[in-house]
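Notes follow the structure.
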């Protein structure tokens with residue numbers, strides 16, 4: 001079955017069984033390996049991407065549901081040469097150890113900040129409850145998300161740190 005969707009701003013047409021998980025299409029058909037296979041049950045968050053701006057577990061989302069939708073993966077946030085604000089913040093805060101869960105955390109945090117630009121620590125923690133990490137960089141991850149929020153607010157307002165005088 002042919003499915004038309006937009007991935008990281010680029011229209012795509014994929015041929016896949018309608019029940020194929022979005023994760024498999026992203027990785028196997030489109031070569032986007034940022035989203036990771038963790039549990040395959042929607043319980044770890046390593047596969048998190050955004051669909052129409054909302055965080056979605058791609059390992060349990062059938063491609064059939066993606067017809068006409070906009071998907072953003074961690075690759076859509078920036079590049080190695082020009083990382084986006086979320087990616088840059090994670091780099092600057094050294095928020096990754098093994099890095100396996102980090103793309104999913106970035107995507108969930110990006111979706112949160114798009115919806116709630118002024119999300120506080122409690123909101124960030126609630127949003128990340130779906131993403132498991134065993135490395136122990138949780139405080140760095142929180143700092144990175146706060147840093148990205150400040151950067152994104154600054155970009156929107158033109159005022160340093162997003163704070164009006």
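Of note:
- Extension gain for residue 97-residue 132 works out to 11.3 nm (0.36 nm per residue, less the C-alpha to C-alpha distance).
- Exposure proxy ranking, count of Cβ atoms within 10 Å, fewest first, for 79, 73, 151: 79, 151, 73
- With contacts taken as Cα pairs under 8 Å at a separation of at least 6 residues, the chain carries a relative contact order of 22 percent.
- Taking only the alpha carbons of the stretch 1-44, we obtain Rg and Dmax values of 11.0, 29 Å in that order.
- Inter-part distance, the stretch 118-141 to the stretch 41-79, computed on C-alpha centroids, equals 19 Å.
- Taking only the alpha carbons of the chain, we obtain Rg and Dmax values of 15.8, 55 Å in that order.
- Helix 138-157 and the longest principal axis of the C-alpha atoms of the chain enclose an angle of approximately 80°.
- Per-residue ellipticity at 222 nm from helix content only, as computed over the chain with -39500 (n - 2.57) for each DSSP H run of at least four residues, stands at -9500 deg cm²/dmol.
- Taking only alpha carbon atoms, the stretch 44-114 gives an Rg to Rh ratio of 0.98, where Rh is the Kirkwood radius.
- The smallest convex shape that holds all Cα atoms of the stretch 2-76, its convex hull, gives 72 Å³ per residue.
- Residues residue 13 and residue 54, FRET efficiency given R0 of 25 Å [Cβ-Cβ distance, rounded to 0.05]: 0.65
- Ellipsoid semi-axes in whole angstrom, largest first, where each is sqrt(5λ) of the Cα gyration tensor of the stretch 78-160: 19, 15, 10
- Between residue 37 and residue 122, the FRET efficiency estimated from the beta carbon spacing at R0 = 25 angstrom works out to 0.25.
- Fully extending the segment from residue 24 to residue 114, taken as 0.36 nm per residue of separation minus the present Cα-Cα distance, adds 29.8 nm.
- Evaluated over the stretch 28-72, the Cα radius of gyration and Dmax, each in Å: 10.1, 27
- Nearest-ten-degree value, helix 102-115 long axis tilted from longest Cα axis of the chain: 70
Read-outs throughout are calculated quantities, based only on the coordinates presented, and are distinct from any laboratory measurement. The structure presented is a predicted model; accordingly, all values stated were derived computationally and were not measured. All Cβ positions, glycine included, derive from the backbone under ideal geometry; neighbour counts span all protein chains shown.
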